[in-house]
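Everything below concerns the one structure shown next.
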Amino acid sequence: MKATHYGTCQICNNKQKAPNGLLSKHGYTVDYGFFNGVCHGAEHLPFEKDRTVLGEVIQDFQAHIESKIETRNKVEKGELPVLVRIYLVPENNGFGQGKYHWIEYCGLENGKPLIRADKLPSGKVPMTARLDEDGIWHTRVQYYGDDTPLSNYLYALDQEILRNIRHLRGMKDRYNSWEEKELEPVTTRLMKETSV
Ligand SMILES: [Zn+2]
């Protein structure tokens, strides 16, 4: 059926055509690590008429943020292994011989981050040293501290969590200030566009 009205999406706040009163299928354009692919508001009533889906998504998004914060705190305490990227130089080689490697940060010892080193009896070594698959020791270049790659990782995660919280706040504001409105007819909009 041809759409006669536009409606505002409860979730992404964009205008969409609303055939049979429900919003057409559309994607979510901003990725907050939660809103991927088809928008949760698609094929639901527009915000002018209903806020139910928004309320549900707020709850789910809140839970998503809480679990992300929990993960973040576990990583910081060394309770959850995580990949970090660091610059390593084979021992007895020059600075230029180094390469970035993804390594697994897996815990703390006396406040120092540890990485996985499967060939050692302890299974773990400080970040400043690494034994590779061929038995060659690598040293990390000494212009940042042992905890820098981990701090950078946590910083990026914190930024994402802050973006999530700001977005959630915006959604809650929209939910709380909701009131029923009329839908915008498709013809009005076309006339506006052609009369310019
Ligand atoms: Zn949407």
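In region 1-36, what residues are within 21 Å of R163 (Cα to Cα), within 11 Å of the ligand (Cβ to nearest atom) and part of a loop (DSSP other than H, G, I, E, B)?
Answer for region 1-36, where residues must be within 21 Å of R163 (Cα to Cα), within 11 Å of the ligand (Cβ to nearest atom) and part of a loop (DSSP other than H, G, I, E, B): C9, Q10, I11, C12, N13, N14, Y28, T29, V30, F35.
Test I69 against the stated conditions and say whether it is surrounded by fewer than 17 Cβ atoms within 10 Å (Cβ to Cβ) and hydrophobic (A, V, I, L, M, F, W, C).
When the stated conditions are applied, I69 passes them.
One residue is enough: does region 70-78 have a residue meeting the conditions touching a residue at least 60 places away in the same chain (Cβ under 8 Å) and within 14 Å of the ligand (Cβ to nearest atom)?
no
Any residue at all in region 79-90 that's farther than 24 Å from N164 by Cβ and within 14 Å of the ligand (Cβ to nearest atom)? Break it down stepwise before answering.
Here is the first cut: in region 79-90, the residues farther than 24 Å from N164 by Cβ are 86-90.
Checking which are within 14 Å of the ligand (Cβ to nearest atom) leaves us with none.
Within region 79-90, not a single residue is farther than 24 Å from N164 by Cβ and within 14 Å of the ligand (Cβ to nearest atom).
From the list L45, L54, pick out the single residue that is within 13 Å of the ligand (Cβ to nearest atom) and touching a residue at least 60 places away in the same chain (Cβ under 8 Å). Explain how you work it out, then say what you get.
Working: L45 fails: touching a residue at least 60 places away in the same chain (Cβ under 8 Å).
Result: L54 is the single residue among L45, L54 that is within 13 Å of the ligand (Cβ to nearest atom) and touching a residue at least 60 places away in the same chain (Cβ under 8 Å).
Give region 72-86 a look and list any residue that's more than 14 Å from G107 (Cα to Cα) and of a type outside the set (D, E, K, R), or say none.
I86
Would it be correct to say that K68 is closer than 24 Å to K172 by Cα, out of contact with any Pro (no Cβ under 9 Å at 6 or more places or on another chain), in a helix (DSSP H, G or I) and among the basic types (K, R)?
On the way: closer than 24 Å to K172 by Cα: yes; out of contact with any Pro (no Cβ under 9 Å at 6 or more places or on another chain): yes; in a helix (DSSP H, G or I): yes; among the basic types (K, R): yes.
Yes: the conditions hold for K68.
Of the numbered conditions (1) outside the structural domain of V186 (by TED's automatic domain parsing); (2) of a type in the set (S, T, N, Q); (3) surrounded by 13 or more Cβ atoms within 10 Å (Cβ to Cβ), T8 satisfies every one except a single condition; which is it?
Against the list (1) outside the structural domain of V186 (by TED's automatic domain parsing); (2) of a type in the set (S, T, N, Q); (3) surrounded by 13 or more Cβ atoms within 10 Å (Cβ to Cβ), T8 comes up short only on (1).
The values are calculated or read from the model by the stated rules, or taken from the named source; none is laboratory data. Because the structure is a prediction, the values reported are computed rather than measured. Neighbour counts run over all protein chains shown; Cβ positions are idealised from the backbone, glycine included.
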